[in-house]
Structures are given as C-alpha cells and as structure tokens.
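Novice: Just dropping this structure here.
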Amino acid sequence: MKKLVLFDLDGTLLDRDESVKQFIAIQYDRLNNHLSHIPKIDYAARFIELDCHGHVWKDKVYQYLVTEFQITSITWQALLNDYETQFQFHCVPFIGLVEMLDTLKQQGYRLGMITNGRGDFQASAISGLGIQDYFDVILISEIEQVRKPEAEIFDRAMTRLGCSAQDSVFVGDNPEADIMGAKNAKLRTIWKRSQLWQTAEGADAIIDRLMEIPSILENFNSIDR
Ligand SMILES: [Mg+2]
C-alpha cells in the first residue's frame with residue numbers, strides 16, 4: 001500500500017517556463033528606466049534563452065545580459081537580486097495543483113518534495129505557490145548537500161517520515177534526476193511528461209496533467225495487493 005508521494009518542484013508542480021515568462025516581462029517594466037534602450041521582446045527572449053530552462057544560474061545570465069545589451073545604469077548583481085526577491089510573486093502552478101494535493105491528503109497520503117536548487121530561492125518559490133503546508137517533508141539539495149539523482153536524497157526523505165521505498169512513489173519531469181534517481185532508490189515513478197525530453201526510461205506511469213495522479217496511485221496499489 002502506497003503511503004507517501006514525493007514530488008519534484010520545477011516543471012512538475014511549478015510551471016517554471018510560464019513563471020519565468022511572466023517574471024521577466026514584469027522585471028523589464030519595473031526596471032524600465034535602466035532597460036528602455038532594449039526592446040522588451042529582445043530582453044525577455046534573450047533571458048529565456050540564456051536561462052536554458054533553469055539549467056544556468058542567473059548570475060551568469062545577468063552578466064551576459066548586461067554585456068550584450070550594454071546595460072550601464074544598473075549592475076548584474078542588482079538585477080540578480082531583483083530576480084531572487086521577486087520571482088516568488090510570479091510562480092505559476094500547473095493546472096490542478098491544489099486540487100490534486102487536496103485529493104491525496106483526503107485519501108490519507110503523506111506528501112513530500114525533493115528539489116535540486118538553492119535553499120532560499122526554492123523555499124520562496126514553494127511559498128509563492130502557497131503549498132508549503134501540504135508537505136510533511138521538503139528537501140532542497142543545497143541545504144541537504146546532496147542532489148537528485150543520488151539515492152541518498154530519496155532515502156533521506158523516506159527515512160524522515162518512517163516510510164520505505166515500497167510505500168513510496170516519486171513524481172517528476174526530469175528523466176535522469178527524477179525518474180532514474182527514484183528508480184535507483186527503488187521507488188515507483190510517475191513521469192510528468194515534458195517537451196524537453198522525448199521519453200523517460202523506466203517510468204512506471206506517464207501523466208500530462210496532475211489530476212491523473214490519484215487514479216495512477218490506485219492502480220499501483222491494486223498491482224501491489
Ligand atoms: Mg523538474
């Protein structure tokens with residue numbers, strides 16, 4: 001019987017691409033007195049390109065932007081600070097997020113999150129979504145000093161709640177960090193399909209929408225019975 005559902009954050013619960021799109025448009029407007037010499041569409045497009053779906057940290061991104069667009073009246077550090085403090089106000093959930101979390105809670109599941117990233121930043125994104133109270137455990141790689149796909153971070157989340165891998169399911173979008181990682185730690189896996197990857201080898205189930213999760217958990221439970 002599955003008791004614990006662990007989730008990735010970016011690209012799984014948080015629609016990161018949409019959040020970044022909204023954030024960067026508003027950053028441009030907010031800092032317009034420093035950026036008005038750049039067409040808004042160019043500033044946003046270059047940010048999104050350099051960010052590479054979150055794989056490049058924003059210190060590098062803003063250093064490139066400052067150089068390429070000859071931004072002189074504000075530093076890359078100030079732009080980065082704006083990102084670090086303001087991104088949380090532009091966090092867009094995937095459709096059905098709260099409904100799915102409510103459903104799983106009502107069904108008695110314990111919930112956890114394992115996310116690779118910076119401690120303060122990921123914590124502020126989680127509170128930006130307003131979902132922190134649903135989770136019994138949240139592990140952020142910078143704080144834990146261990147990252148997905150290492151089995152250690154999955155083991156640690158389960159240990160903190162007294163659950164075994166047999167009791168646990170992991171939901172994520174990254175085929176290597178999430179699906180292979182959780183697989184190696186012996187959890188069942190659900191791949192949240194993403195346009196960034198063709199397939200996720202070894203996933204036990206595939207979803208496009210978060211509200212598909214409750215019935216998949218039922219399936220897992222009937223297979224285990
Ligand atoms: Mg992800």
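The values are calculated or read from the model by the stated rules, or taken from the named source; none is laboratory data. What you see is a predicted model, and the numbers here were worked out from it, not measured in a lab. When we count neighbours, we look across all protein chains shown, and the Cβ atoms used for this are built from the backbone with ideal geometry, even at glycine. The accessibility values were calculated without ligands, DNA or RNA, using every heavy atom of the protein model including side chains. Shrake-Rupley method; radii C 1.70, N 1.55, O 1.52, S 1.80 Å.
Novice: Mind listing just one residue for me: the one in the range 204-225 that is assigned to a loop (DSSP other than H, G, I, E, B) and more than 18 Å from the chain's Cα centre (by Cα) and, of those, farthest from Lys3 (Cα to Cα)?
Specialist: Here the residue is Asp204.
Novice: Within the range 41-87, how many residues are of a type outside the set (A, V, I, L, M, F, W, C), part of a helix (DSSP H, G or I) and open to solvent by 80 Å² or more (accessible area, probe 1.4 Å)?
Specialist: Final tally of qualifying residues: 8.
Novice: Just one of Trp191, Trp197 is assigned to a loop (DSSP other than H, G, I, E, B) and either touching a residue at least 24 places away in the same chain (Cβ under 8 Å) or closer than 22 Å to Asp17 by Cα (or both); which is it?
Specialist: After ruling out the rest, the residue left standing is Trp197.
Novice: Scan the range 152-162 and give yes if some residue there is touching a Cys at 6+ places or on another chain (Cβ under 9 Å), more than 15 Å from the ligand (Cβ to nearest atom) and either over 30 Å from Gln86 (Cα atoms) or not assigned by TED's automatic domain parsing to the domain that holds Lys58 (or both), otherwise no.
Specialist: yes
Novice: Inspect all residues belonging to the range 11-29 and state whether any of them is at pLDDT 95 or above, over 22 Å from the mean Cα position of the chain (by Cα) and either away from the ligand (no atom under 16 Å from the Cβ) or more than 18 Å from Ser141 (Cβ to Cβ) (or both).
Specialist: Within the range 11-29, one or more residues are at pLDDT 95 or above, over 22 Å from the mean Cα position of the chain (by Cα) and either away from the ligand (no atom under 16 Å from the Cβ) or more than 18 Å from Ser141 (Cβ to Cβ) (or both).
Novice: Still on this structure, I have one more. Please count how many residues of the range 165-180 are within 11 Å of the ligand (Cβ to nearest atom) and farther than 17 Å from Leu13 by Cβ.
Specialist: The total comes to 2.
Novice: Open to solvent by 20 Å² or more (accessible area, probe 1.4 Å) and under 15 Å from Asp10 (Cβ atoms): does that describe Gln195?
Specialist: Against the criterion (open to solvent by 20 Å² or more (accessible area, probe 1.4 Å) and under 15 Å from Asp10 (Cβ atoms)), Gln195 qualifies.
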